[in-house]
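The values are calculated or read from the model by the stated rules, or taken from the named source; none is laboratory data. Here the structure is a predicted model, which means the values were calculated and not measured. Positions of Cβ are generated from backbone atoms using ideal geometry, with glycine treated the same way; all protein chains shown enter the neighbour counts. Just so you know, the surface numbers come from the protein's heavy atoms only, side chains and all, with ligands and any DNA or RNA stripped out. Shrake-Rupley method; radii C 1.70, N 1.55, O 1.52, S 1.80 Å.
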Amino acid sequence: MHTPLPGPQPAPSRRSPMWRHRTTRRPGAEPAGRFREHLRLGRKGLAIGIDIGGTKVAAGVVDAEGRILKEARRSTPGNDPRAVEQVIVELVEELGQGHRIWSVGIGAAGWMDLDGATVLFSPHLAWRNEPLRENLQRLLRRPVLLTNDADAAGWAEWRFGAGRGEDRLVCITLGTGIGGAMVMDGRLERGRFGVAGEFGHQIIQPGGHRCECGNRGCWEQYASGNALGREARELAAANSPMAQELLKAVGGRVGDITGVTVTELAKAGDPTARELLEDVGEWLGLGLANLAAALDPGTFVIGGGLCDAGELLVGPARTAFARNLTGRGFRPAARIELAALGPNAGLIGAADLSRVSSRMRS
């Protein structure tokens, strides 16, 4: 089922799932041609995109081609929802000077409701069933779109980046954990309840490492920046001679070794760091093969901070993907590409989604 962009939607149908045939257009849904026209018209005007993270709030004025014209940043003000709203208002006022702003898009980690009006839960902030869109539209007096940060990044890569022109795109963001987004036939696929894309919590190693979500063996415990840092610390704590360069890089303080530490050493040629990255890349490729079996995309776009390692990570992932792909040798295989827009993908995507969504509602 393809869900619309965040915004007012008809009530969910209670008919039998048999009714939801692929060729049947959902009541209230727009024909594909009309949606493509919205994309074309939505390219007019400027929008502000805001990417809310656990430590910083990044914002920018984004034009119709996905270019950032002006940027500003603030520290994330603790976990007070009202304080975060105030920071957003300040950023919009600052960036809006000298620009005619059509709409504002907000991307944040967490689960949003299907209407894109309420943050159901955010791991970094004290948002629990927070009616954020209504609050901000009242304060900003502009159309506001609220979306998951991975969805925003995936949309940006589909519109302007490595996934441009792909009909069925899956975007994976590798950082502290693993985020995900799907753009299918020009629409964000958000699932029945609006919380699709939590790929990092597929269980890939039953009984494995404990995950913050409460389960064991989640994919993000093996293929994320946190996983890379944990494996390096365990190697160093065991006093392995292979970890000498890792320890030297942090002055002998095992607890200071992070995924960034490993990535920088790997790029400088350290064999141990490269081996650790290769291990993570293999786990990444295995998880992508699982997603290909379920979703059959044309392209995977891999983004997030861990992708600073480039081919040192993605090369082993491609090899493991080809080795584990169901039906390998007898079916077409998805491309695996590095993201093109870097850390700004989230704010670019949030801005563009807000422009398109506000056009569709007007």
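If you go through the stretch 282-308 one residue at a time, how many are modelled with pLDDT under 95 and surrounded by 20 or more Cβ atoms within 10 Å (Cβ to Cβ)? Count: 4.
So that you can scan it fast, the table gives a plain yes or no per residue for (1) assigned to a loop (DSSP other than H, G, I, E, B); (2) free of Cβ contacts under 8 Å to residues at least 40 places away in the same chain:
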site: Ala289; (1), (2): no, yes
site: Ala293; (1), (2): no, yes
site: Pro332; (1), (2): yes, yes
site: Val356; (1), (2): no, no
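In this structure, does Leu114 turn out to be among the aliphatic types (A, V, I, L, M), modelled with pLDDT under 85 and either open to solvent by 20 Å² or more (accessible area, probe 1.4 Å) or in contact with a strand residue (DSSP E or B) (Cβ under 8 Å, 6 or more places away or on another chain) (or both)? Here the answer is yes, as Leu114 does meet what is asked.
Taking the numbered list (1) in a loop (DSSP other than H, G, I, E, B); (2) touching a Leu at 6+ places or on another chain (Cβ under 7 Å) in turn, Gly197 passes all entries but (2). Taking the conditions (1) touching a residue at least 40 places away in the same chain (Cβ under 8 Å); (2) open to solvent by 20 Å² or more (accessible area, probe 1.4 Å) in turn, Ile48 satisfies each one other than (2). Scanning the stretch 346-362 for residues that are modelled with pLDDT under 95 and of a type in the set (Gly, Ala, Ser) returns Gly346, Ser354, Ser357, Ser358, Ser362. Yes or no: Phe193 aromatic (Phe, Trp, Tyr), in contact (Cβ under 8 Å) with a residue 12 or more places away in the chain, open to solvent by 10 Å² or more (accessible area, probe 1.4 Å) and closer than 23 Å to Arg335 by Cα? No: the conditions fail for Phe193. Take the conditions (1) open to solvent by less than 40 Å² (accessible area, probe 1.4 Å); (2) in contact with a strand residue (DSSP E or B) (Cβ under 6 Å, 6 or more places away or on another chain); (3) in contact (Cβ under 8 Å) with a residue 24 or more places away in the chain; Gly96 misses just one of them, which is (2). For Thr55, the requirement of being surrounded by 15 or more Cβ atoms within 10 Å (Cβ to Cβ) and polar (S, T, N, Q) is not met. Could you list, in sequence order, the residues of the stretch 220-266 that are over 21 Å from the mean Cα position of the chain (by Cα) and open to solvent by less than 20 Å² (accessible area, probe 1.4 Å)? Correct list: Ala232, Ala236, Ala243, Leu246, Val250, Ile257, Val262, Ala266. Return the residues of the stretch 151-170 that are part of a loop (DSSP other than H, G, I, E, B) and over 15 Å from the mean Cα position of the chain (by Cα); say none if nothing qualifies. Within the stretch 151-170, Arg164, Gly165, Glu166, Asp167 qualify.
Selection of strands (runs of 3 or more DSSP E) fully inside the stretch 49-146 by the criterion of at least 3 residues being on the phi < 0 side of the Ramachandran plot and of a type outside the set (Asp, Glu) returns 56-62, 68-75, 101-108, 119-121.
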